[in-house]
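> One structure follows; several queries about it will come next.
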Amino acid sequence: MPLPVKRCSGLAFVFACLALTSSIAIAAAEWQVIKINGHDYLSVDNISKFYGLPAEVVPSGAKIQTDTPDHPLEFVSGSREAIINGARSWLCFPVIEHDGKSLVSRTDLAKTIEPLVRPHRVPDVGKVQTVILDPGHGGHDKGQVSRYGAEKDFALDVARKLRPILQAKGLRVIMTREGDYFVPLEVRAKIANAARNSIFVSIHFNATNDDPNATGFEIFSFTPRGAPSTSDTALTSSSFNMQPGSGVDAQSMALSACIYHSVLGHIPEYDRGIKRARFAVLRLTKVPAVLIEGGFLTERGECKLIANKDWRGKLAAAIGVGIENYRALGVKKQPPMLVADYRKQTKPLPIEPVIQEGQVKEADASLINLVGKSKFVSPPQASTPPKKISLESDVIVP
Ligand SMILES: [Zn+2]
């Protein structure tokens with residue numbers, strides 16, 4: 001669905017009007033906040049010491065190393081690209097240089113680095129009873145079409161394969177669509193919002209007109225308020241609006257990390273990264289929500305893989321392991337498994353359990369009827385920019 005990200009360069013001036021909202025608690029003794037043009041930054045050294053994780057900053061324009069597990073935090077000067085715990089992760093704002101120090105925005109510390117490095121400490125993380133599986137597109141909306149078939153069918157098949165895997169783990173599963181018909185985006189979000197303790201997982205396959213060789217996985221969660229999405233180079237006034245997805249952006253990021261590390265760790269496709277977007281299904285869901293792009297239908301090799309049902313089964317199983325790891329965050333309060341852990345383990349992916357079709361369909365249909373075709377009403381949006389929060393008054397991590 002989305003196009004590949006463009007490297008951001010023109011953020012500086014819009015950054016000047018950014019009000020920071022943070023959800024991590026900063027203990028004054030541990031953090032040295034550096035103010036530049038009225039905005040808060042933390043040095044990479046400071047971040048590295050706080051987490052006890054070795055960090056590295058490569059010069060602007062240099063290629064980031066992806067196979068250096070001795071540096072769990074890797075940044076590129078002047079860029080939003082980073083590798084965090086072995087997976088590409090896109091910051092909201094570029095790393096800047098000041099007085100010989102590499103600096104990361106406070107927004108990224110709170111909204112990107114903290115939920116990626118310590119997802120188990122995100123409030124209410126891992127609370128899952130119901131998984132809403134959202135196969136992208138449907139009906140007249142085919143999504144991308146390759147020579148082997150349409151995105152809408154591949155996405156539905158992955159969801160159908162994933163459903164019994166999750167049910168076997170004791171999770172309730174609701175599909176936003178059971179067959180080849182169109183469901184409006186706001187209805188998909190409404191289905192998620194109607195279920196208690198739910199998470200929302202949207203399944204898509206990727207496409208681009210720009211580069212026929214583009215490959216790989218990527219995953220999206222909702223862009224934090226006041227930050228640009230990964231594919232945007234500038235903020236707009238709507239970037240400051242409070243949305244249903246804003247209240248759970250940290251939990252969504254943790255879910256993104258759990259699923260992405262599993263998918264990338266189980267299937268050796270190119271790592272495009274953990275990204276941010278304001279897609280309708282992410283914006284309108286008030287429960288943790290992610291959208292996964294499981295490879296490119298526009299690339300010769302990957303479209304063949306996607307057309308293979310066993311490969312799709314593997315993808316479904318890998319997403320299932322990621323969801324299970326997200327749930328475990330709430331129970332074990334420990335960091336989840338990372339790409340490298342999955343690659344080290346030799347255990348094969350779980351086998352698909354027996355599908356109990358009739359039972360599931362009944363439950364799903366009744367829920368879809370419940371939310372029906374009623375129009376989703378957006379909550380009132382803030383017309384004033386968010387107020388600036390001082391370090392002292394800011395609530396961060398426990
Ligand atoms: Zn799509």
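All of the numbers you see were taken from the coordinates with simple rules; none came from a lab. Treat the numbers as computed from the prediction; the structure is a model and nothing was measured. Don't worry about glycine lacking a Cβ; one is built from the backbone with ideal geometry, like all the others, and counts go over all protein chains shown.
> Taking 0.36 nm per intervening residue step and subtracting the Cα-Cα distance, what contour gain separates HIS98 from ASP180 on full extension?
Computed gain between HIS98 and ASP180 is 24.1 nm.
> Please order LYS314, LYS332 by the number of other Cβ within 10 Å, starting at the fewest.
Result, fewest neighbours first: LYS332, LYS314.
> Let me understand segment 45-150 better: what is its radius of gyration from the alpha carbons, and its Dmax, in angstrom?
18.3, 56
> Order by neighbour count: MET253, MET337, fewest other Cβ atoms within 10 Å first, most last. Don't jump to the answer; show the numbers that get you there.
Values: MET253 27, MET337 19.
Result, fewest neighbours first: MET337, MET253.
> Also, I was wondering about something else. Post the alpha-carbon centroid distance, segment 280-324 to segment 146-187, in whole angstrom.
Going from one Cα centre to the other spans 10 Å.
> Compute the projected area of the convex hull of the Cα atoms of segment 106-160, averaged over all viewing directions, and report it in nm² to one decimal place.
On the way: hull surface 25.9 nm².
Averaging across all directions leaves 6.5 nm² for the Cα convex hull.
> Just to check, using Stokes-Einstein with a Kirkwood Rh over alpha carbon pairs, what's the diffusion coefficient of segment 164-257 at 20 °C and 1.002 mPa s in µm²/s?
Calculated translational D: 133 µm²/s.
> Now, a different point. Could you compute Rg(Cα) / (2.2 N^0.38 Å) for segment 202-358, with N its residue count?
1.09
> Can you compute the equivalent ellipsoid semi-axes for segment 142-190, i.e. the square root of 5 times each eigenvalue of the Cα gyration tensor, sorted largest first and rounded to whole Å? Spell out each step's value before the answer.
Numbers: eigenvalues 96, 50, 9 Å².
Equivalent ellipsoid semi-axes, largest first: 22, 16, 7 Å.
> Next question. So for SER256, SER246, fewest C-beta neighbours within 10 Å to most, what's the order?
Going from sparsest to densest Cβ surroundings: SER246, SER256.
> Working out 0.36 nm times the residue gap between LYS333 and ASP124, then minus their Cα-Cα distance, what length gain in nm do you get to one decimal?
74.2 nm
> Once fully extended, how much extra length lies between THR233 and ALA280, figured as 0.36 nm per residue of separation less the alpha-carbon to alpha-carbon distance?
15.0 nm
> Give me the distance in nm between label points sitting 7 Å out from Cα along the Cα-to-Cβ direction at ASN213 and ALA168, one decimal.
Modelled inter-label distance: 3.9 nm.
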